[in-house]
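Visitor: Can you keep this structure in mind? I'll have questions shortly.
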Amino acid sequence: MNTTADLLTPTREWQDIAPLLSVRELNKFYAPGKGCGDISFDLYPGEVLGIVGESGSGKSTLLSALSARLTPDSGNVIYNSEQFGEMDLYACEESLRRVLMRSEWGIVHQHARDGLRMNVSAGANIGERLMAVGERHYGQIRTRAEEWLTAVEIDTSRIDDRPSQFSGGMQQRLQIARNLVTHPKLIFMDEPTGGLDVSVQAKLLDLLRNLVSRLGLSVIIVTHDLAVARLLAHRLMVMRRGEVVETGLTDQVLDDPQHPYTQLLVSSILQN
Amino acid sequence: MTANQLMIDVSGVEKTFTLHNQGGASFGVLDSASLQVRAGECVVLHGQSGAGKSTFLKALYANYTVDAGEIRLRDGEQMVEITQALPRRIIALRRQALGYVSQFLRVIPRVSTLEVVMQPLLDLGVDTALCEAKAKDLLQRLNVPERLWSLAPGTFSGGEQQRVNIARGFIVDYPILLLDEPTASLDAANRKVVVELICEAKARGAALVGIFHDEDVREAVADRLVDIRAI
């Protein structure tokens, strides 16, 4: 049998690669202790960053500020765009941010209804993103929509049904298809498995993990579920009261937590 | 890999656990631990339960942080100092150069056994058919019945899960392989298969560090026994 060494061309992709997203001293507070402060990190292509912490720790505020949906009080978010080169998100034109949102970025909301158009068909939900990046050929749009429905394990016979006729798990998978159809570089996810029952969660996690590794996506995922973080994230940021208290490799943070708050969080999980 | 090449170089590693939520209780586990392992060598850690064998092994995998010292692992031409490396460097290292077989299988529920075993090799971009062939070969050797391959391992017995885990750990020919009691709940026949897999890994030039409680396995694979308190 061949050894692995024979099958591989050595990969050194971690070297000399510019970050996709660089965040420096980002602050956004609604009130003292409510929001997030002094956030700095780099996200590299293909990396999955998990943001964990209890409710109200500032995770979702941070996600909104990172994804150009909430202007921070101070700090910079620099994104390395395929189309526009290096850009400072909050110093650039609103129109450029809009273009990013519908092409190079995807946003997966906790509630699928926030990310879908509920009164148009599943096919149209996927096709809309394609049309937004200039695709005009109806036949091709429909073919791509069918491909993506298949990729997220939705029967293509449902293409003309509205999302309101779908189960919660199917809606979430449709939302993912709608986001991925334009081959984004960076996906923001806010509790993507949050509202789903456990049997559906596992399937969605498996789907997400496969898509992320196959497409080489960079992902920033907010979750309060440490099991989800362990399965999907390469590294973690632990937040408490708007501040990052610990960062590191996912299994390192979860198996050998250093900060008192992370230790509390990890030791509070029910074991099965 | 060149014969006799230094693969693992640990010096002066210290590790203390502090339990902040239990009165700040603090335990020193490793105190200036040092170890060198060369290609083709299998080092077996021994020492009483609680002596820090597992902690040391987890530090080698960067699963645990250390308070002081250096851990340098070979990745091709380079030695990577993992106590200071960025997460993505460690992930790249684990993907191609550093394997770890734990006592427990930790996977996404509902993913089939065959896919669980193939995944690490698939992640390296190896052709699916080759991954599948190698996974089947390993599962067969480890006596995991073929009718289980399409099922998720979540409901398997402890010993079956452990054999799936071993197959997953050996699917990539890692230059460095860490083994944390991989034979703990296996019968004699399957222990023998694991011994064969370890010997094959040594023969292709891998450096191995392991913890084994079965004396027969230890005798069969160890080039050196190292007392954890003495390193």
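Quick note: the coordinates plus some simple rules give every number you see, no bench work behind them. Values in this document were obtained by computation on a predicted structure and should not be read as measured data. Glycine gets a Cβ as well: all are built from the backbone with ideal geometry, and neighbour counts include every protein chain shown.
Visitor: For the protein assembly as shown, give the share of DSSP beta bridges that are antiparallel, in percent and rounded to the nearest 5; count only bridges with both residues there.
Guide: In the protein assembly as shown, approximately 55 percent of DSSP beta bridges are antiparallel ones.
Visitor: Could you work out the Kirkwood radius for the range B:159-231, taking every pair of different alpha carbons, averaging 1/r and inverting it, reported in Å?
Guide: Taking every pair of different Cα atoms in the range B:159-231, averaging 1/r and inverting gives 12.7 Å.
Visitor: Between 0 and 90 degrees, rounded to the nearest ten: what's the tilt of helix A:138-151 against the longest Cα principal axis of chain A?
Guide: 50
Visitor: Another question, if that's okay. Taking each residue in B:39-50, count the Cβ atoms of any other chain within 10 Å of its Cβ, then average. What number comes out?
Guide: 0
Visitor: I want to make sure I understand the PRE zone here: with the label point 7 angstrom from the Cα of A:Asp161 toward its beta carbon, which residues in the range A:85-126 have backbone N atoms less than 14 Å away?
Guide: A:121-123
Visitor: Excluding same-chain residues fewer than 8 positions from A:Lys59, which lysines have a Cα within less than 19 Å of its Cα?
Guide: Reachable lysines: A:Lys28, A:Lys34.
Visitor: Could you list which residues have their amide H under 5 Å from that of A:Leu20, counting only those 5 or more apart in sequence or on another chain, with H placed in the peptide plane?
Guide: HN-HN under 5 Å from A:Leu20: A:Leu43, A:Tyr44.
Visitor: How would chain A be classified by its alpha-carbon gyration tensor: rounded, prolate or oblate, with rounded meaning a/c under 1.5 and the a/b versus b/c comparison settling the rest?
Guide: rounded
Visitor: Hey, another quick one. Just to be sure I understand: if I project the alpha-carbon convex hull of the protein assembly as shown onto a plane and average over all orientations, what area do I get in nm²?
Guide: 24.7
Visitor: Among the aspartates and glutamates, select those whose C-alpha is under 15 Å from the C-alpha of B:Lys136, and discard any that sit fewer than 8 residues away in the same chain.
Guide: B:Glu115, B:Asp127, B:Glu146, B:Glu160
Visitor: Let me ask something else. Enumerate the lysines that B:Lys192 could reach by cross-link, defined here as Cα to Cα under 17 Å, with residues fewer than 8 away along the same chain left out.
Guide: Here the lysines satisfying the reach criterion relative to B:Lys192 are B:Lys202.
Visitor: Now, a different point. In terms of the Cα gyration tensor, with a ≥ b ≥ c the square roots of its eigenvalues, is the range B:36-77 rounded because a/c is under 1.5, prolate because a/b exceeds b/c, or oblate?
Guide: Taking the square roots of the gyration eigenvalues as a ≥ b ≥ c, the range B:36-77 is oblate.
Visitor: I would also like to ask the following. How much mean residue ellipticity at 222 nm does chain A get from its helices, if each DSSP H run of length 4 or more adds -39500 (n - 2.57) and you divide by all residues, to the nearest 500 deg cm²/dmol?
Guide: Using -39500 (n - 2.57) per qualifying helix, the result is -10500 deg cm²/dmol.
Visitor: Can I ask one more? Please compute, for peptide B:101-114, the average count of beta-carbon atoms on other protein chains lying within 10 Å of each residue's beta-carbon.
Guide: Mean number of neighbouring Cβ atoms from other chains: 3.
Visitor: Give me the orientation-averaged projected area of the Cα convex hull of the range A:143-267, in nm², one decimal.
Guide: Averaging across all directions leaves 8.6 nm² for the Cα convex hull.
Visitor: Also, quick follow-up: Can you give the mean number of other chain Cβ atoms that lie within 10 Å of the Cβ atoms in peptide A:199-207?
Guide: Averaged over the peptide's residues, the number is 3.
Visitor: Let me ask another. I'd like the Karplus ³J(HN,Hα) series for the range A:121-135: coefficients 6.51, -1.76, 1.60, θ = phi - 60°, whole numbers in Hz, and an x wherever there's a Gly or Pro.
Guide: 5, 4, x, 5, 4, 6, x, 4, 5, 5, 5, 5, 9, x, 6
Visitor: Pairing the Cα long axis of helix A:168-180 with the longest principal axis of chain A, what angle in degrees results, from 0 to 90 and rounded to the nearest 10?
Guide: For A:168-180 against chain A, the angle is about 90 degrees.
Visitor: Alpha carbons only, please: Rg and Dmax for the range A:21-84, in angstrom.
Guide: Considering the range A:21-84 through its Cα atoms, Rg and Dmax are 12.0, 38 Å.
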